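The values are calculated or read from the model by the stated rules, or taken from the named source; none is laboratory data. Not measured: the values here are computed from a predicted model. Every residue, glycine as well, gets a Cβ built from its backbone with ideal geometry; the counts of neighbours run over all protein chains shown. Heavy atoms of the whole protein, side chains included, go into the accessibility calculation; ligands, DNA and RNA do not. Shrake-Rupley method; radii C 1.70, N 1.55, O 1.52, S 1.80 Å.
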Amino acid sequence: MPMPQTKARKIIHIDMDCFYAAVEMRENPQLKDKPIAVGGSVEGRGVLTTCNYPARAFGLRSAMPTAQALKLCPQLILLPVRMALYKQVSQQIHQIFHRYTDIIEPLSLDEAYLDVTDCEQCSGSATWIAQQIRQQIFDELHLTASAGVAPLKFLAKIASDQNKPNGQFVIKPDEVADFVLNLPLKKIPGVGKVTSEKLAKMGLLTCGDVQKQDVRLLLNQLGKIGKSIWDFSHGIDEREVQAHRLRKSVGVERTLRQNIDQLTQAQEILTELYPELERRILRAKPDLPLSAYQKMGVKLKFDDFQTTTLEKSAVQFCPETFSQLLTQIWTRCQGRSVRLVGLHVQIPEQKQNEQMSLW
Ligand SMILES: [Mg+2]
């Protein structure tokens, strides 16, 4: 018997345009045409979280060290991060989302997926709904947003970037195959520099290239993400918009006052971070014993700003586990010094009945 035809989903990805900077410009219109950035200080070895378009014209971008940004753009107006304010505005944006759907999955304060498959407003047109949401955000909050509309999550996210800022882009169900064919793999969310370089070495640049390969090749070369890349390349993304996304990990990390290049220095930092991690875990999940955590990882950021993570499953939560991970990951330094050390644990998946109680 044929499978029942599943209705194509309607997913909107909303992404605010340079959110923190936009909020700051709204609060102080005099900043509007000047290059501004929100971020950490040079003294604190901070990085930019967001910058406006005049600042981007100087080559500035988020995650750039503030010191470097000021060299490129000495007249940059650097503003401190006002998280409480951005959170408040984010809640107002979510109130607008809720006029259309309750299936909202936030990715950060300024980005969210919305499932509007069953929304009856705007004659059920996701394109029109996205348009209205952006208009209401503009009218009521004086901020601009970009939107992507697609039947699949990863395509909605790619689409929201397509006509940024203050624009939107729609990929209809019957356009998915064509859109995916020439899509560069590096545009897929989660495919970073390292993975796209690996793919390029395999001769794979677009989703069309991947379509000609066997799934096993990608699995063998790249593991789990290889399977996702293969799926996406075939226009498959079964992930649902998760309105009640559970917190998946708890971590602690520290940007160092001075870079380090010795493993013994890193081990000392680990000793300092470990008790803080323990505190955060117990705060996040007071009822879960530490012995329940079995997957943990260590993260390093190098002086060239490349980030690397090493995770291990079926291990015990104790300082020795992190120490071993740190020793292993340290071989990736390859002459580079380290500017950030982080530790994290994955929260074990909750049992089905516990999840049900959410409803
Ligand atoms: Mg944004």
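Of note:
- Qualifying residue in segment 224-238 (condition: open to solvent by less than 70 Å² (accessible area, probe 1.4 Å), touching a Phe, Trp or Tyr at 6+ places or on another chain (Cβ under 6 Å) and in a helix (DSSP H, G or I)): yes
- Among the residues of segment 183-192, those that are in contact (Cβ under 8 Å) with a residue 12 or more places away in the chain and assigned to a loop (DSSP other than H, G, I, E, B) comprise Leu183, Ile188, Pro189, Gly190, Val191.
- Inside segment 295-347, residues that are within 13 Å of Gly251 (Cβ to Cβ), open to solvent by 40 Å² or more (accessible area, probe 1.4 Å) and touching a helix residue (DSSP H, G or I) at 6+ places or on another chain (Cβ under 6 Å) make up a count of 0.
- Residues in segment 43-81 that are basic (Lys, Arg), within 27 Å of Asn259 (Cα to Cα) and under 24 Å from the mean Cα position of the chain (by Cα): Arg45, Arg61.
- Residue identified as in contact with a Phe, Trp or Tyr (Cβ under 8 Å, 6 or more places away or on another chain) and away from the ligand (no atom under 15 Å from the Cβ) among Leu72, Leu78, Leu85, Leu143: Leu72
- Output for segment 85-97, where each listed residue is open to solvent by 80 Å² or more (accessible area, probe 1.4 Å) and either over 11 Å from Tyr20 (Cα atoms) or more than 21 Å from the chain's Cα centre (by Cα) (or both): Gln88, Gln91, Gln95
- Filtered residue count, segment 100-137, keeping only those that are open to solvent by 80 Å² or more (accessible area, probe 1.4 Å) and free of Cβ contacts under 8 Å to residues at least 12 places away in the same chain: 4
- Checking each residue in segment 105-126 for being closer than 19 Å to Ala159 by Cα, more than 16 Å from the ligand (Cβ to nearest atom) and not acidic (Asp, Glu) picks out Val116, Thr117, Ser125, Ala126.
- Picking from residues in segment 277-294 that are charged (D, E, K, R) and under 28 Å from Gly190 (Cβ atoms), the one that is least open to solvent (accessible area, probe 1.4 Å) is Lys285.
- Filtering Arg99, Arg45 for residues that are assigned to a loop (DSSP other than H, G, I, E, B), at pLDDT below 95 and in contact with a Pro (Cβ under 8 Å, 6 or more places away or on another chain) leaves a single hit, Arg45.
- Test: residue in segment 29-42 that is within 20 Å of the chain's Cα centre (by Cα) and either open to solvent by 60 Å² or more (accessible area, probe 1.4 Å) or away from the ligand (no atom under 16 Å from the Cβ) (or both): yes
- Only one entry in Leu141, Leu155 is farther than 25 Å from Leu85 by Cα and in contact with a helix residue (DSSP H, G or I) (Cβ under 9 Å, 6 or more places away or on another chain), namely Leu155.
- Unmet requirement for Arg26, which otherwise passes all of (1) free of Cβ contacts under 8 Å to residues at least 60 places away in the same chain; (2) open to solvent by 20 Å² or more (accessible area, probe 1.4 Å): (1)
- Of the residues screened, Leu60 is not one that is open to solvent by less than 20 Å² (accessible area, probe 1.4 Å), in a strand (DSSP E or B), among the aliphatic types (A, V, I, L, M) and within 16 Å of the ligand (Cβ to nearest atom).
- Gln68 being part of a helix (DSSP H, G or I) and of a type outside the set (Asp, Glu): yes
- Condition met for Phe169 (within 16 Å of the ligand (Cβ to nearest atom) and open to solvent by 70 Å² or more (accessible area, probe 1.4 Å)): no
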